[in-house]
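S.K.: Structure incoming, see below.
Taken together, the values in this text are just the output of simple stated rules run on the coordinates, not laboratory data. Keep in mind that this is a model prediction, so the values were computed, not measured. Cβ sites come from the backbone with ideal geometry, for glycine too, and all protein chains shown count toward neighbours.
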Amino acid sequence: MGRRHGDTSGRSRMSARAGLAITLMAGAAGFSGAMAQDSGAIGGVSITAAAGASAVIAVIGLVLIGALASPRLKGSSLFNRLFVVVAITAGFFSAISSAIGFGLITSQESADIFRNSILPPAFGVFVFCLAVAIWVGGADFVRHRDWFRGLKGGFVGDILFFIERAIKLFLVVPLLATILFFVSTWTTVVGIGGVDAVRHTYTFEIDRLAGECAGITSYRQNDYLFLEDLRLSVRDVTRVAGGERDGGAQSGAAGAGPVTDYYLGLADWYRGLEESVAAMLAAPDPSGLNPYDPEICATKTDELKRMLSRNAYDNVDRWNRQFESAFNDFASVLNRWRHDKRIERFLDQQLDSFDRANPKPTRVTAAQSRAINEYAEQVEGALESLIRSQKLQKPPVPLKSAAELSPARGLDIFKELFNPPPPPEEPEKVSRRQSVVDAEFVPGLSTITPRDAVLKNASIFSDVWALAISWDYAPYILMLAFLFFPSAERAAGYKD
């Protein structure tokens, strides 16, 4: 028994020293290497990545040497030594990934050194100490008797000790491991998959915006069709005016006169409308973008994708804000294109002022007056028809955003997991009157945090959850061996 107590003390000292080495290197090298941007490269290899990899290899090497070659573990079995290695490395992995996840959850864009630079590594140190305490300390807790210590060995004593170990392994240790799940596994998942989960949601939003852009730019192409119809109408009016001047086709009197002058003046006015509409289409858009550019959607989509692929771990809040601003700015531009009615309003105003802009001559004969009135009605009717056809063209119905399709955030996500909402009912068909179209807008970005994103997309990132659980709880699976083989911790010659 004395040897066993000495071995336990040696393991404790070895674990503490290995833990200190891991803690220092994780806080100083590993975490800094993971969170900082690459500062340079040698031979195509990132200096930061090389330093981080070297630190990890050095730490694992120290742990292996300490567990396998330390004389203080004399009498411990190879299984027990490797168990210590697994428990400490599991705590090391959890510390690094949890520190990254904690940084994503608590970071902010302002230069707060404690919140952004000190708190995440400090949390990683806490997770490492907690994991080592639960697994290495828990294994030692399971192996030693606390109840019935005065009972001598034998069948009854072994059965009682087995029951005690079973209670510790299947009740006490899992209860302690529950704390590790909320503290470590959760932040590990956020650290490994949080940014990718956000990118998954935002990629859906980019695809939605690309679809909106394609529909709206296609809708705006109708302006050119309208302009072409207006040009044809102008040519018709000009041809009629020329026929009246040359042969008196309407009034029966060729040559100069009030009818010819009215026809020619009306043709000039109508041609002015065409030129004004053409100038509107040719004028630069206030946004600096061109709704009639066939490459505009692909250009903006590629720009957003490049922003999304940037390093988010340097400062996740700034990365998120810059992407959100660019996304919402373009969504605002699409809404402005969607509700652009300058041509309609301009033509409506010109139609209302038709008689004032084209005063009819008063000193004319009855035949001339009839010809003038009929021609004015024809031109006014043609303009009304053009305006009506323009108004009948409506932009496509806006696509639903990710937030509209699945609005749950925070704790509501858990409610949806255990109590999924009923399928949405078919919406009532509403006639797309102009008032309905005017109330339609392209939704902005469906913002989401890394912690919400990994929950919303848990089925997609199931491998991340499995990985986090596996390295957090692998020591527990090894610990089960101590239930049925209580002497597994001791080497041959040191067993009871």
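S.K.: Taking 1 over the mean of 1/r across every pair of different Cα atoms in region 295-408, what Kirkwood radius in Å do you get?
M.R.: That comes to 19.4 Å for region 295-408.
S.K.: Cα convex hull of region 148-219: how many Å³ per residue?
M.R.: 109
S.K.: How much length, in nm to one decimal, is gained on full extension between Leu281 and Arg388, taken as 0.36 nm per residue of separation minus their Cα-Cα distance?
M.R.: Extra length available between Leu281 and Arg388 comes to 36.6 nm.
S.K.: Compute the length gained on full extension between Phe162 and Asn290: take 0.36 nm times their separation in residues and subtract their Cα-Cα distance, giving the result in nm to one decimal.
M.R.: Here the segment from Phe162 to Asn290 would lengthen by 38.3 nm.
S.K.: Would you kindly give the portion of the calculated P(r) for region 205-348 that falls above 18 Å, as a percent of all Cα pairs?
M.R.: Percent of Cα pairs beyond 18 Å in region 205-348: 67.
S.K.: Based on the Cβ-Cβ distance from Arg336 to Ser110, what FRET efficiency comes out when R0 is 41 Å, to the nearest 0.05?
M.R.: So the FRET efficiency works out to roughly 0.80.
S.K.: Here's something else I'd like to know. What are the aspartates and glutamates whose alpha-carbon lies under 14 Å from the alpha-carbon of Lys341, with same-chain residues fewer than 8 places away excluded?
M.R.: Asp223, Asp285, Asp438
S.K.: If you don't mind, another one. Multiply the residue gap between Glu440 and Lys305 by 0.36 nm, knock off their C-alpha separation, and tell me the result in nm, one decimal place.
M.R.: 46.0 nm
S.K.: Of the GluC sites (Glu not before Pro) in region 271-318, which ones lie in a loop per DSSP and count no more than 15 other C-beta atoms within 10 Å?
M.R.: Glu295
S.K.: Now for a different question. Once you put a point 7 Å from the Cα of Leu483 and another 7 Å from the Cα of Gln221, both along the Cβ direction, what distance in nm separates them?
M.R.: The modelled label-to-label distance comes out at 6.8 nm.
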